[in-house]
Amino acid sequence: DGVSAPWSTPLPVPAAFLRPYLQLFVCSYVASDHYLVVSFGPLLFGVDRIEHRARWVRSLMPAELPPNTVLQQVNGEGYLALMTTAGQPIQTLGLLSPAGPNGVLVQTQEGVAALDLPTGDLRWLRTDSPPILEAFGDEEHLYLVDFHQFTDVRAIRAVRTADGAAVAIPDCVD
């Protein structure tokens, strides 16, 4: 009939640990046929939609925040930003694109990464990605929009989602 019954699954993190994030961050997600990746503040959870269980958890939070920085929600779609206490952006973190056969794509402190949907393991990492970016794409390509201070577009680059290899595209920044 096309209607799914609601279900829930416990997350592999103590509720007391999650409680502060409830007040500070919006929950967002990307889904494939089989898996759901939920972003809750700086945490990513891989959920098996068929077995109804959490399979993995990853933190995007640096082990220690640099001095005079804070982690803030940038928009209602799960992007986080590491910012100076004066409000200057340093880096964006979070989900970048839909989940697909090549995994889920995320911006980490190390760069743009593809994570395996069933395990959360790293498939590939591009350490040359800009620290402040937005992304869009499909199952084959991810387009990275490099910003200067969240306002001016510097460049747009493309990578293959299968392996993270650069893809040549025409210059589209005026």
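The values are calculated or read from the model by the stated rules, or taken from the named source; none is laboratory data. These figures come from a predicted structure and were not determined experimentally. Using ideal geometry, Cβ is built from the backbone for each residue, glycine included, and neighbour counts are taken over all protein chains shown. Areas reflect the complete protein model, heavy atoms only, side chains present, ligands, DNA and RNA absent. Shrake-Rupley method; radii C 1.70, N 1.55, O 1.52, S 1.80 Å.
Structure notes:
- Volume of the convex hull of segment 111-174 (Cα atoms only), normalised per residue: 88 Å³.
- Summarising the label geometry, the points placed 7 Å from Cα in the beta-carbon direction at ALA166 and THR9 lie 3.8 nm from one another.
- For the chain, a crude dipole built from +1 on the beta carbon of Lys and Arg and -1 on the beta carbon of Asp and Glu, taken about the Cα centre, is about 540 debye to the nearest 20.
- Largest first, the residues SER28, SER8 sort by 1.4 Å accessible area into SER8, SER28.
- Using the Cβ-Cβ distance between ASP138 and CYS27 with R0 = 30 Å, the FRET efficiency computed as 1/(1 + (r/R0)^6) comes to roughly 0.80.
- Chain lengthening between ASP121 and HIS52 when straightened (0.36 nm per residue, less Cα-Cα): 22.9 nm
- Relative contact order for segment 50-104, counting Cα pairs under 8 Å that sit 6 or more residues apart, in percent: 21
- Cβ crowding within 10 Å averaged over residues, with 111-118, 88-95 ranked highest first: 111-118, 88-95
- Backbone phi angles across segment 43-50, fed through the Karplus curve with coefficients 6.51, -1.76 and 1.60 (θ = phi - 60°), yield HN-Hα couplings of 9, 10, 10, x, 10, 7, 6, 8 Hz in residue order; Gly and Pro are listed as x.
- Quarter of the Cα convex hull surface for segment 37-116, i.e. its orientation-mean projected area (nm²): 5.6
- Share antiparallel - DSSP beta bridges, the chain, percent rounded to 5: 100
- Residue-normalised convex hull volume from the C-alpha trace of segment 67-110: 63 Å³ per residue.
- From phi via Karplus (6.51, -1.76, 1.60), per-residue ³J(HN,Hα) for segment 13-21 in Hz, x at Gly/Pro: 9, x, 4, 4, 5, 7, 3, x, 5
- Three principal axis lengths of the chain [C-alpha, angstrom, descending]: 49, 38, 28
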